[in-house]
Amino acid sequence: AHVRIECKDRNSLNLKYSIDGETDSTGTYNIHVDGDHQDQICYSKLISSPLADCKTADPGRACSQVILTRSNGAVSNLHFANALGFLKARPLAFCPELLKKYLPQNEIKFI
């Protein structure tokens, strides 16, 4: 998948930094970000999927805020974003049974 890191000014929300990257076969990506982005709000976000049946970004997992500064006490150069994801065009065959295991009984009628 194609992903992007964007950093915006905390006050004006103007774009200050942007860099793109690609996931590997496991969906993992590593993007080298130059500089410290202390006064900026930075997000990792999905741009596109290479899979024809998996093109729509999940609204709840389309982007993730990531802190890209050392001014908060972090001593590592590695920073992690939460998982991002796309929605399958059709649910996998085992999904209804799996949902029944985790949904309360009163919500099963919606499956």
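No value in this document is a laboratory result; all are computed from the given coordinates. Here the structure is a predicted model, which means the values were calculated and not measured. Cβ placement follows ideal geometry from the backbone for every residue including glycine, while neighbour counts extend to all protein chains displayed.
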- Task: List the residues whose amide H sits under 5 Å from the amide H of Y17, counting only those 5 or more places along or on another chain, with H placed 1.01 Å from N in the peptide plane.
- Result: C7
- Checking C42, C95, C63 against a Gaussian network model of the chain (alpha-carbon springs below 10 Å), the top fluctuating residue turns out to be C95
- Item | Those aspartates and glutamates that a straight Cα-Cα span of less than 15 Å connects to K16, excepting residues fewer than 8 apart in one chain | E6, D34, D36, D39
- How many nm is it between the label spots at L78 and T28, if each spot is 7 Å from the Cα in line with the beta carbon? 0.9
- Across L84, L92, L13, the residue with the highest GNM fluctuation in the chain (Cα network, 10 Å cutoff) is L92
- Query: Isolated Cys in the chain by the 4.7 Å beta carbon test?
  - Reply: C54, C63, C95
- Task: Please list, or write none, the lysines whose alpha carbon is within less than 27 Å of the alpha carbon of K88, excluding same-chain residues fewer than 8 places away.
- Result: K45, K55, K100, K101, K109
- Task: Can you tell me how much longer the chain between S71 and F94 gets when fully stretched, taken as 0.36 nm per residue apart minus their C-alpha distance, in nm with one decimal?
- Result: 3.7 nm
- Length gained if L87 through R61 is fully extended, taking 0.36 nm per residue and subtracting the Cα-Cα distance, is 8.4 nm
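Kirkwood hydrodynamic radius (Cα pairs, Å) of the chain? The partial results should precede the final answer.
Numbers: mean 1/r = 0.0615 Å⁻¹.
16.3 Å is the Kirkwood radius here.
Which FRET efficiency, nearest 0.05, do L51 and N14 yield, Cβ-Cβ r, R0 35 Å?
On the way: r = 33 Å, r/R0 = 0.95.
It comes to 0.60.
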- Using θ = phi - 60° and Karplus 6.51 cos²θ - 1.76 cosθ + 1.60, couplings along region 36-53 (whole Hz; Gly, Pro as x): 9, 10, 4, 9, 10, 9, 10, 9, 9, 9, 6, 10, 7, 10, x, 8, 4, 9
- Residues meeting the amide H criterion for K55 (H placed from the backbone, H to H distance under 5 Å, 5 or more places apart or on another chain) are A89
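Size of the dipole of the chain about the Cα centre, Lys and Arg at +1 and Asp and Glu at -1 on the beta carbon, nothing else charged, in debye to 20?
440
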- Message: I'd like the trypsin sites (Lys or Arg not before Pro) in region 1-103 restricted to DSSP loop residues with at most 16 other Cβ atoms within 10 Å, sorted by number.
- Response: R10, K55, R61, R70, K88
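Show that you can apply the helix-only estimate: for the chain, add -39,500 (n - 2.57) for every DSSP H stretch of four or more residues, divide by all residues, and state [θ] at 222 nm to the nearest 500.
On the way: 1 runs with 8 residues, N = 111.
-2000 deg cm²/dmol, from helical runs alone.
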